[in-house]
Each structure stands twice: as structure tokens, then as C-alpha cells.
Amino acid sequence: AARDARDADAKRVLTSLAEAAAAPYLQALRRWCVDGQLDDPYGEFCVAEDVDAEKTAVARDYNASYWDERFTSDAGKAAGGAVKSHLAKVLTAGKYRVVLRDAACSGEDNELEATWAALTPADVVEDAAGRLARAIDQAYAASAAELKAVLFERERGLEKLRVLKRFFLA
């Protein structure tokens, strides 16, 4: 019985330490997925930015390696199973948010903010309820929808594609 009590105490201490360590990680994850802001002064986050990536090539080639090189993911730095299994969505959601922010098109999404505000460091340590995975999915879907709306509504992207279609396929 004494051993079981010590094991339970040790588990509580380890869980408490893991959750305390996960708190800044969760904040960095939220800032990236919701705001497109990378705040990682110690290089411990699962997404890294290459500030020296050549942006000038984008004007000539929209498929330039800039999009792949500026932000990269590192599975070895992904905390918890939910982040590891959703790492591509984490990377892409943040990239989309960066584009929206740089184009001054990013709006408030109260539902997305509420979802992320409800998360706790325990969700990073062990996402048993799937809340972190759903928050990542929601951030990805919201940023993709917002970027699509900007490209096809504000920038008249569909109209431009139709012109190209008529020009090249007519």
C-alpha cells in the first residue's frame, strides 16, 4: 500500500511538471495557429522560420521554394501525440495566417479564439479528449477558408482563372 501511495505521488509530481513545461508550448502553438506569429526565442517549437529565405523569387514564380523554405516543421520538437499527428496542419495553418496577416486581411474569429482559450497544458501532455486535435483541425480549416475567401472574393481569383482558361484552352 505504501508503494502504491508513493507511485501515485510520483505520478502527480511528474504530471504537474509536464503540464508546467507544456504551458509555454501551448501558448506558442496558439500564437502560431491562430495569429500566424512565431515566438520561439530558444528554438524549441515544432515550427522554425528561415528569415533569410529569398522572398524576391515569389514575384516571378509562385511555386518558388520560398514557401517551403521560410517555415519548416520538425517532428522531433512536436510535443504530444496530437501535435505530432497534426504537424502538417499546424505548419500550414500558421503559414496561411502569416499570408493573411501580411496582406492585412486577417479578421477576428471568436469561435476559434474560444476553442484555443479553453485548452489547458494537460491537453498538450495527453490529449485524451481530443480537444487539442480538434483545435488544430479548426485552426487549419478556418485559416484555409479565410485565405480562400480573400483570394477568390477580394482578389477576384476565380475570374482570373476563367480568363486564363479561355486563353489557354480556347
(message) I want to confirm something. Restricting to the stretch 67-115 and keeping residues that are of a type in the set (A, V, I, L, M, F, W, C), modelled with pLDDT of 95 or more and closer than 25 Å to ARG154 by Cβ, which single residue is most open to solvent (accessible area, probe 1.4 Å)?
(response) LEU91
(message) I'd like to know if the stretch 39-51 contains one or more residues that are among the small types (Gly, Ala, Ser), surrounded by 13 or more Cβ atoms within 10 Å (Cβ to Cβ) and modelled with pLDDT under 90.
(response) no
(message) Going by what's in this entry, would VAL58 be described as surrounded by 11 or more Cβ atoms within 10 Å (Cβ to Cβ), farther than 28 Å from ASP127 by Cα and either over 16 Å from the mean Cα position of the chain (by Cα) or modelled with pLDDT under 90 (or both)?
(response) yes
(request) Take the stretch 120-129 and flag every residue that is assigned to a loop (DSSP other than H, G, I, E, B) and either within 15 Å of the chain's Cα centre (by Cα) or free of Cβ contacts under 8 Å to residues at least 40 places away in the same chain (or both). (result) ALA128, ALA129
(request) Report yes if some residue within the stretch 151-167 is at positive phi and free of Cβ contacts under 8 Å to residues at least 24 places away in the same chain; otherwise report no. (result) yes
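The values are calculated or read from the model by the stated rules, or taken from the named source; none is laboratory data. This structure is a prediction, so every number in the text was calculated from the model and none was measured. Cβ sites come from the backbone with ideal geometry, for glycine too, and all protein chains shown count toward neighbours. Side chains are part of the model used for accessible areas, which takes the heavy atoms of the whole protein and leaves out ligands, DNA and RNA. Shrake-Rupley method; radii C 1.70, N 1.55, O 1.52, S 1.80 Å.
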